[in-house]
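Worksheet: the structure to be examined is printed underneath.
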Amino acid sequence: MTPGTEYGSTFGRDEPDLRSAHVIVVGNEKGGTGKSTVSIHVTIALLKAGYRVASIDLDTRQKTLTRFLENRQSFARSAEWPVEMPFHHALERGSSTNVRDNETHEFAAFAEAVAAVEHDYEFVVIDTPASDSYLMRLAHSLADTLVSPVNESYIDVDVFSRVHHDRSQRGAIAHYADLVMEARRRRRVVDGGVIDWILLRNRIASLKSNNARQIENSMQHIARELQLRAAEGLHDRVIFRELFPIGLTALDPIEEGMKNNMLSTSQKSARREIADLVSSLRLPLHEKTKGHLAARHLWFERMSEYYRDLGKDKPE
Ligand SMILES: Nc1ncnc2c1ncn2[C@@H]1O[C@H](COP(=O)(O)OP(=O)(O)OP(=O)(O)O)[C@@H](O)[C@H]1O
Ligand SMILES: [Mg+2]
């Protein structure tokens, strides 16, 4: 699959459709915290729960979510059970040397990707890169639910709220949190939308250390300061990474390939953790309708106006 191409199928549409997808963005400017792992598991969990799910990969360099889905699609060809696939779109990076042209191109490509799925799918899961790119900011301001995975480390906490031994220098809003606060502000001004932000612990160690307890306290503090929800996410488990080459997750019927058709205790716990993770997101069970859709269109319209105006200033 080349970036920018799609697979899966959209549903037929004869009548104007006022349903509107709920957008879940998985983001954190800190690299390697588990954004793609969480995107993969949330996507598959929602598909398995019977929802129509679309996914968008904004990580135009690594394309981890896209790679996973390519592996899954290839596995599906010889699988003896139905392998659920989302409708997937991988975005292409703007290739111009002019930053403004790239931004305009990326906005149009992103708007098109969302427009292609917003009526036909109940959820859109967007995996984002670990960078402060324009596209990343754009996606954050569109989120209905924003999930930020963090590892049990002060280095991870420091992108939300400044960590320092000196109390007087501690607690200032750090760069990633600032980016999200700005996205929230933009969203509120443009369409009155609210971004439900969840700080999700990932790669939790099985033995609780003093450090882990301190990180938990810090997260509770951050939750109050930044008006977000701290949630227990995934433990550090081999099952969350070893199935990537075949595009499967712990939720797939992997026991069929195992001795006695039995899952290990850790694999069973992994399934429970994914289910708990999804329920901690408190996603809407029913499709959002007219009001939500109109708000998203307003958001895109205002953003397009902004680009049209920028274009007017451009020197010939
Ligand atoms: N709960 C977990 N248990 C075990 N391994 C995990 C878990 N979560 C993530 N990993 C592993 O940690 C590494 C980073 O995860 P992942 O690629 O999902 O992070 P990311 O935030 O998407 O990274 P990037 O910022 O580079 O896009 C990968 O090797 C992944 O397999
Ligand atoms: Mg990633």
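Please enumerate the residues belonging to the range 179-211 that are surrounded by 15 or more Cβ atoms within 10 Å (Cβ to Cβ) and modelled with pLDDT under 90.
Scanning the range 179-211 gives ARG186, ARG187, VAL190, ASP191, GLY193.
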### Residue count, the range 231-280 (criterion: in contact (Cβ under 8 Å) with a residue 60 or more places away in the chain, in contact with a strand residue (DSSP E or B) (Cβ under 6 Å, 6 or more places away or on another chain) and away from ligand 2 (no atom under 16 Å from the Cβ))
2
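With the condition being within 11 Å of the chain's Cα centre (by Cα) and among the polar types (S, T, N, Q), I'd like the helices (runs of 4 or more DSSP H) fully within the range 12-130 carrying at least 3 qualifying residues.
35-48
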### Query
Applying the selection to the range 199-256, what residues are in contact with a Phe, Trp or Tyr (Cβ under 8 Å, 6 or more places away or on another chain) and on the phi > 0 side of the Ramachandran plot?
GLN227, GLY247
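Out of LEU234, LEU207, which single residue is under 25 Å from ASP127 (Cα atoms), hydrophobic (A, V, I, L, M, F, W, C) and either in a loop (DSSP other than H, G, I, E, B) or within 20 Å of the chain's Cα centre (by Cα) (or both)?
Sole residue among the options that is under 25 Å from ASP127 (Cα atoms), hydrophobic (A, V, I, L, M, F, W, C) and either in a loop (DSSP other than H, G, I, E, B) or within 20 Å of the chain's Cα centre (by Cα) (or both): LEU234.
LEU142 - would you say it is closer than 22 Å to VAL180 by Cβ and away from ligand 2 (no atom under 16 Å from the Cβ)?
yes
This table checks each residue for (1) farther than 9 Å from VAL25 by Cβ; (2) out of contact with any Pro (no Cβ under 9 Å at 6 or more places or on another chain); (3) without any contact (Cβ under 8 Å) to a residue 60 or more places away in the chain.
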{"site": "ASP120", "(1), (2), (3)": "yes, yes, no"}
{"site": "ILE126", "(1), (2), (3)": "no, yes, no"}
{"site": "ALA139", "(1), (2), (3)": "no, yes, no"}
{"site": "LEU142", "(1), (2), (3)": "no, yes, no"}
{"site": "ASP158", "(1), (2), (3)": "yes, yes, yes"}
### Task
Look through the range 80-113, keep the residues that are surrounded by fewer than 16 Cβ atoms within 10 Å (Cβ to Cβ) and of a type in the set (A, V, I, L, M), and return whichever of them is nearest to ligand 1 (Cβ to nearest atom).
VAL99
### Message
If I ask for residues that are farther than 15 Å from ILE254 by Cβ, away from ligand 2 (no atom under 16 Å from the Cβ) and in contact (Cβ under 8 Å) with a residue 60 or more places away in the chain, which ones from the range 59-85 would you list?
### Response
GLN73, SER74, MET85
### Task
Provide a single number: the residues in the range 116-139 that are within 13 Å of ligand 2 (Cβ to nearest atom) and either farther than 16 Å from MET303 by Cβ or modelled with pLDDT of 95 or more (or both).
7
### Query
So ALA223 fits all but one of (1) in a loop (DSSP other than H, G, I, E, B); (2) within 20 Å of the chain's Cα centre (by Cα); what number is the exception?
(1)
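The values are calculated or read from the model by the stated rules, or taken from the named source; none is laboratory data. All values derive from a computational prediction rather than experimental measurement. Cβ coordinates were reconstructed from backbone atoms using ideal geometry, including for glycine residues, and neighbour counts include every protein chain displayed.
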